[in-house]
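See structure below.
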């Protein structure tokens with residue numbers, strides 16, 4: 001996947017994870033959609049589901 005995310009300490013970060021929570025970080029809507037599409041594809045491949053009711057979006 002070729003999505004930059006944000007630079008932290010010389011590394012590009014495009015997601016943060018803690019337990020079963022994930023944060024996707026993108027510079028624009030197109031990059032965010034690519035990340036979301038990847039999460040959906042990989043989740044489906046592993047027979048995992050996303051809880052849309054618990055999904056939130058924050059734009060900073």
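Each reported figure results from applying straightforward, stated rules to the coordinates on display, with no laboratory input. Bear in mind the structure is a predicted one, so any value in this text is a computation, not a measurement. Please note: Cβ atoms are built from the backbone with ideal geometry, for glycine as well, and neighbour counts cover all protein chains shown.
Summing -39500 (n - 2.57) over the DSSP H runs of n ≥ 4 in the chain and dividing by its residue number, what mean residue ellipticity at 222 nm do you reach, to the nearest 500 deg cm²/dmol?
Counting only the DSSP helices, I get -9500 deg cm²/dmol.
Ranking request for peptides 4-17, 28-41: highest mean number of other beta-carbon atoms within 10 Å first, then the rest in descending order.
Numbers: 4-17: 10.9, 28-41: 13.2.
The packing order, highest mean first, is 28-41, 4-17.
Using only Cα atoms and rounding to the nearest 10 degrees, what angle (0 to 90) does helix 29-45 make with the longest principal axis of the chain?
Approximately 40 degrees, to the nearest ten.
Could you give the nm distance between label points at residue 37 and residue 4, where each point is 7 Å from its Cα heading toward the beta carbon?
1.9
For the chain, just say rounded, prolate or oblate: build the C-alpha gyration tensor, square-root its eigenvalues into a ≥ b ≥ c, call rounded for a/c under 1.5, and beyond that prolate if a/b exceeds b/c, oblate if not.
Working: a/c = 1.64, a/b = 1.54, b/c = 1.06.
It is prolate, given that a/c is not under 1.5 and a/b is the larger ratio.
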